[in-house]
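Please treat every number below as a calculation from the coordinates, not as lab data. This one's a predicted model, so the numbers in the text were calculated from it and none came from an experiment. Here the Cβ is made from the backbone with ideal geometry for all residues, glycine too, and neighbour counts use every protein chain on show.
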Amino acid sequence: MKDILNYTKEELADMLQEAGFPSYRGKQIYEWLYTKLIDKPDEMNNLPLALRLWLKNNFNCKFPVIIKEQISKIDGTTKFLLQLKDKKTVETVLMFHGGKNSRKRKTLCISSQIGCPIGCVFCATGKMGLDRNLTTGEVIGQILTVIQRHGDIDNIVYMGMGEPLLNYDSVIKSIRIIIDEPGLNISVRKITISTCGLVPEIKKLAEEAIPLTLAISLHASNNELRNVLVPINRKYPIEDLLDSVKFFIDKTNRKVTFEYILAKDLNDSIYHAKQLAELLRSLLCNINIIPANPVEGTEMRKPNAKTVNNFCHILQSKGIETVVRSEKGSDIDAACGQLMAKTNLK
């Protein structure tokens, strides 16, 4: 049975017409799914009975099911283990920023694959290998399930399990649905895609005319080290990656974020900071420094505060906007690099 969340409202309107229903019903169905968060056709009470029966007989309208929910005692970050229609699971993380109670901004970190084939050494997801890509509906479904539970989301980041640009078509289609009205109607400027550096896909993304934020998982200041930390660098070295980033900036006029996991005695020296500053100094960019989170099976550890501050000071002294990313949810394995969806490993 087809997943209704896989389709844009235009595609749904075409299918409705083919089935003998007026196309405007597609917008009504979209409002039930994305505005009212109703995934049961029987409850879509402004639709005629025949249309509700058609939906039930032809589409699976159900959102993913929460089978486990963990809340950080440190900062309230919430990690969801979601079950998909084929019983596979993915992890999705809800983070809260600033404000008090209901005024806090909410960022949802969503997954694009079950597992990941890239094999970055600091990432638990990569240790799973790749099971499969998520469908557009499975990407969208993560958002709808969490909104059902916690209300509206301010920001969406494709930084969960998987490499989003290896699932390019489904991810781009999901973004077009997210920003659509009457879809989720979230501003495209509140959406970030994080990639390990797939050069052809970054250039392709630049041509999409979608002014989202691009984040690059860099994590090293030279090819020798990045070849080890982020193995895709052997195919797309730093020079090629930065050329694609320049192309993206020229096409979109959007600032690019670089992510740099800072690990003790690995990539945290003054030498590395100066190399990194030289790489990025001419780009329209900012950099997020992420002190390494503990990941099962690795020896990576975070440096002390003095080392982090010294590293950041060098970048800032070269005019590079630098932020140390706040650790969120590390006590529930919800922080950067820690997602694994362990039920898939059984």
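Filtering the range 30-41 to residues that are under 19 Å from Val139 (Cβ atoms) and part of a helix (DSSP H, G or I) leaves Tyr30, Leu33, Tyr34, Thr35. Of all residue pairs spaced 6 or more apart or on separate chains, those with beta-carbon atoms under 6 Å, a first member in the range 240-259 that is closer than 14 Å to Glu208 by Cβ and a second member that is assigned to a loop (DSSP other than H, G, I, E, B) are Thr252/Pro211; Arg254/Pro211.
Okay, residues lined up against (1) assigned to a loop (DSSP other than H, G, I, E, B); (2) of a type in the set (Asp, Glu); (3) farther than 22 Å from Glu11 by Cβ:
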{"position": "Gly126", "(1), (2), (3)": "no, no, yes"}
{"position": "Asp131", "(1), (2), (3)": "no, yes, yes"}
{"position": "Glu138", "(1), (2), (3)": "no, yes, no"}
{"position": "Gln142", "(1), (2), (3)": "no, no, no"}
{"position": "Gln148", "(1), (2), (3)": "no, no, yes"}
{"position": "Ile156", "(1), (2), (3)": "no, no, no"}
{"position": "Met161", "(1), (2), (3)": "yes, no, yes"}
{"position": "Val171", "(1), (2), (3)": "no, no, no"}
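When the range 200-226 is filtered for residues that are touching a residue at least 12 places away in the same chain (Cβ under 8 Å), more than 18 Å from the chain's Cα centre (by Cα) and within 30 Å of Ser269 (Cα to Cα), the ones remaining, listed by number, are Ala220, Ser221, Asn222, Asn223, Leu225, Arg226. Taken as a whole, the condition of being assigned to a helix (DSSP H, G or I), free of Cβ contacts under 8 Å to residues at least 24 places away in the same chain and not aromatic (Phe, Trp, Tyr) applies to Leu53.
Among the criteria (1) touching a residue at least 12 places away in the same chain (Cβ under 8 Å); (2) buried (at least 21 other Cβ atoms within 10 Å of the Cβ), the one Gly126 does not fulfil is (1).
Among residues of the range 184-202 being part of a helix (DSSP H, G or I) and not acidic (Asp, Glu), the one that is surrounded by the most Cβ atoms within 10 Å (Cβ to Cβ) is Ile202.
Take the conditions within 21 Å of the chain's Cα centre (by Cα) and part of a loop (DSSP other than H, G, I, E, B) and apply them to Lys85. Does it pass?
When the stated conditions are applied, Lys85 passes them.
The one condition from (1) in contact (Cβ under 8 Å) with a residue 40 or more places away in the chain; (2) surrounded by 16 or more Cβ atoms within 10 Å (Cβ to Cβ); (3) among the charged types (D, E, K, R) that Arg149 does not meet is (2).
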